[in-house]
Amino acid sequence: MKPAVLTGEHYITGDVACAEGAIAAGCKFFGAYPITPATEIAEHMAERLPDIGGTFIQMEDEIAAIASILGAAWTGVKSMTATSGPGFSLMMENLGLAVCTETPCVIVNVQRTGPSTGLPTQTGQGDMMQARWGSHGDYELIALAPSSPQDCFYQTIRAFNLSEKYRVPVLLMADEIVGHMSEKVVIPEASKIRLIDRPKPTGRKDRFRLYEPGANGVAPMPAIGDGYNIHVTGLTHDERGYPSMTVEAQEEMMARIKGKIRNNLDDIIETESYRMEDADIVIVSYGISVRTGLSAVDQARAMGYKAGLLRLVTVWPFPEKLIREIAARVKGFITVEINLGQVHYEVERCAGGQAQAYLVGSAGGKIIHPDKVLECIQEKF
């Protein structure tokens, strides 16, 4: 029997690194339906979970897959699913249910090119706006974007930690290239991995309110079977969890759902910078497109341009404040992404006319070549 944490150096794909990150984070339930290019995550979880006392279930479709991880989460375990493209679309209704019921779970989307069936075996980053607004109504959630197999390992752990800490579904927005590429992944000792568990209720059970906010605006969460009288529903509900069909209850519920994220942005949002100290041209990117940006920055510097890279590790919530601060001191932004402008429009909005914003995008299928970015720099700056 293998240990839960496979400490050491491994030459593995991003998909496998994601699965190992989930197990290292304490994931004990994985429900999924196979779909390219995320199937390898399911295959690896099916192999590994039985050895550590976990459960793998292949469901009949993606709707059932996300429903299964929500149910598992309420039994007290950490749960995850993985999908892509059309499967992600099918999960949107239950993503809203997870937000409304404040159910911690992790949903991995290894993005491919769409719409519809699209290019199943080729890369894309066209699900970024769907990740934020795919379900109906107003809400907040968290979406992270790994840029390498090593990053897949760490960002999966971080996804679980954020999910548990804030009782919110967290999306891991990978892409086909990151998921399928093989690189060295270093897995540390279990004692070196910091894990966060959901807040648990204390005090008298007969006075417990399921959605009464505690520290950081997050309500403690019991597991089914702990002896608490709880009611979990997707209807607008009060702090007890019971349906309350009033405008006042809706406003209170939404203030809690949005507030626990908006009031903790400094803890949730993570970015990385490269050669940004004196940059006046900022390349904004995430996922596999970060590699395009890194190469473009170095080449632009060699040509005399003061270019720098801002990597979005957390894409949602969006780092609005940071973009506005940067916009006040630079000439412009270039967003590099394998879609036709989904995150670019957010950069442009936050720049607010202080700095110009340009897109180097692609409809999908392949990584963007650095030469495309250099052409934009030469033409616009």
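Counting charges near D238 (Lys, Arg +1; Asp, Glu -1) among other residues having Cβ under 14 Å from its Cβ returns a value of -3.
Listed by Cβ neighbour count within 10 Å, with the fewest neighbours leading, M129, M173 appear as M129, M173.
If eta is 0.890 mPa s and T is 25 °C, what Stokes-Einstein diffusion coefficient results for region 3-57, Kirkwood Rh from Cα pairs, in µm²/s? Before the final figure, lay out the partial values.
Values: Rh = 11.3 Å.
In µm²/s, the coefficient rounds to 217.
Put in line by how crowded their Cβ is, counting other Cβ atoms within 10 Å and starting with the fewest, V247, V297, V330, V108 read V247, V330, V297, V108. Each eigenvalue of the Cα gyration tensor of region 205-247, multiplied by 5 and square-rooted, gives one semi-axis; in descending order these are 18, 14, 9 Å.
What do you get for Rg/Rh of region 149-301 when both radii come from the Cα atoms and Rh is the Kirkwood radius? Spell out each step's value before the answer.
Working: Rg = 20.8 Å, Rh = 19.1 Å.
Rg divided by Rh gives 1.09.
Which order do the peptides 332-345, 223-236 take when ranked by the mean count of other beta-carbon atoms within 10 Å per residue, highest first? Walk me through the numbers on the way to the answer.
On the way: 332-345: 22.8, 223-236: 13.9.
Packing order, densest peptide first, comes out as 332-345, 223-236.
Of the trypsin sites (Lys or Arg not before Pro) found in region 97-204, those that fall in a DSSP loop while having at most 10 other beta-carbon atoms within 10 Å are R194, R204.
Okay, which of region 331-375 sit inside 18 Å, backbone N to the point 7 Å along the Cα-Cβ direction of D298? Flagged as within label range: 368-375. In percent, rounded to a whole number, the relative contact order of region 8-192 is 31, using alpha-carbon pairs under 8 Å and six or more apart.
With a cut-off of 8 Å between alpha carbons and a minimum separation of six or more residues, what is the relative contact order of the chain in percent? Provide the component values of the computation, followed by the final result.
On the way: 859 pairs, mean separation 62.5, N = 381.
Relative contact order, the chain: 16 percent.
Loop-located GluC sites (Glu not before Pro) across region 131-192 with a Cβ neighbour count of 12 or fewer within 10 Å are E189, with loop assigned by DSSP.
Given R₀ = 22 Å, what would the calculated FRET efficiency be for T233 paired with K200, taking r from the Cβ atoms and rounding to 0.05?
Numbers: r = 21 Å, r/R0 = 0.97.
The formula returns an efficiency of 0.55 here.
Remind me, what semi-axes does the chain give for its equivalent ellipsoid, largest first in whole Å, using sqrt of 5 times each Cα gyration tensor eigenvalue? Please list the in-between numbers first.
Details: eigenvalues 246, 123, 68 Å².
Working from the Cα gyration tensor, I get semi-axes of 35, 25, 18 Å.
What full-extension length gain, to one decimal in nm, is calculated for N263 and Q378 as 0.36 nm per residue of separation minus the Cα-Cα distance?
Working: separation 115, 0.36 × 115 = 41.40 nm, distance 4.03 nm.
Difference between extended and current length: 37.4 nm.
Relative to the compact-globule estimate of 2.2 N^0.38 Å, the Cα radius of gyration of region 271-380 comes out at 0.94.
Using the per-residue mean of other Cβ atoms lying within 10 Å as a proxy for protection, in what order, highest first, do the peptides 32-45, 304-317 fall? Spell out each step's value before the answer.
Working: 32-45: 22.9, 304-317: 21.4.
So the peptides 32-45, 304-317, ranked by packing, come out 32-45, 304-317.
Could you work out how much longer the chain between R209 and M181 gets when fully extended? Use 0.36 nm per residue separation minus the Cα distance between them, nm to one decimal.
5.5 nm
From least to most packed, judged by other beta carbons within 10 angstrom and beginning with the fewest, V99, V178 follow the order V99, V178.
Length available on full extension from E9 to K366: 0.36 nm per residue minus the Cα-Cα distance, which gives 125.6 nm. The mean sequence distance of close C-alpha pairs (under 8 Å, at least 6 residues apart), as a share of the length of region 141-252, puts its relative contact order at 20 percent.
Rule-based calculations on the coordinates, nothing more; no lab input. Because the structure is predicted, anything quoted here is derived from the model rather than measured. In this analysis, Cβ positions are derived from the backbone assuming ideal geometry, glycine residues included, and neighbour counts consider all displayed protein chains.
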